[in-house]
Amino acid sequence: MTESLAGFVASIAYKPGWRFKLSGPGGRWLCVYAHTINSQAQASTRLTQHQFELPDPLPEHRELCRWVLDRFVDIERHECGEFLTFDGFAPFFPYHQDEGSPYARVERWEPQ
């Protein structure tokens, strides 16, 4: 990639309130920060952070842009799983912390 990675990340724009930076060991992680409605207490907002290790080796510009799009789709699918409910039950509520990948497709059907 001919441009600097920091310059590339600085060029990213998405939704209002979303910010992006490089972090982690060797600056090899794309960190996405978003002020969002709290899915568990929707009268409040929270700062959400998502982190993705950059591909190694770094792809060319177009492929890296596609990679960013794919990560944003992962984030949106995660958030959709938090907010989508049926009679108050969220069968697609995503994993968090040590449960597994927060971007895995989850089904948590429980007997009613």
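The values are calculated or read from the model by the stated rules, or taken from the named source; none is laboratory data. These figures come from a predicted structure and were not determined experimentally. Every residue, glycine among them, receives a Cβ derived from its backbone with ideal geometry; neighbour counts consider all protein chains shown.
Things to note:
- Exactly one residue out of ARG62, ARG77 is part of a helix (DSSP H, G or I), loosely packed, with under 11 Cβ neighbours inside 10 Å and of a type in the set (Lys, Arg), and it is ARG62.
- Only one of ARG62, ARG71, ARG77, ARG66 that is basic (Lys, Arg), in contact with a Lys or Arg (Cβ under 9 Å, 6 or more places away or on another chain) and at pLDDT 95 or above: ARG77
- Of all the criteria given as (1) touching a Ser or Thr at 6+ places or on another chain (Cβ under 7 Å); (2) on the phi > 0 side of the Ramachandran plot, the one not satisfied by HIS35 is (2).
- Count - residues of region 60-78 that are within 20 Å of LYS21 (Cβ to Cβ) and touching a residue at least 24 places away in the same chain (Cβ under 8 Å): 8
- For region 88-112, a tally of residues being part of a loop (DSSP other than H, G, I, E, B) and either in contact (Cβ under 8 Å) with a residue 12 or more places away in the chain or exposed (fewer than 11 other Cβ atoms within 10 Å of the Cβ) (or both) returns 17.
- Hits in region 29-54 - residues which are among the hydroxyl-bearing types (Ser, Thr, Tyr) and surrounded by 13 or more Cβ atoms within 10 Å (Cβ to Cβ): TYR33, THR36, SER39, THR45, THR48
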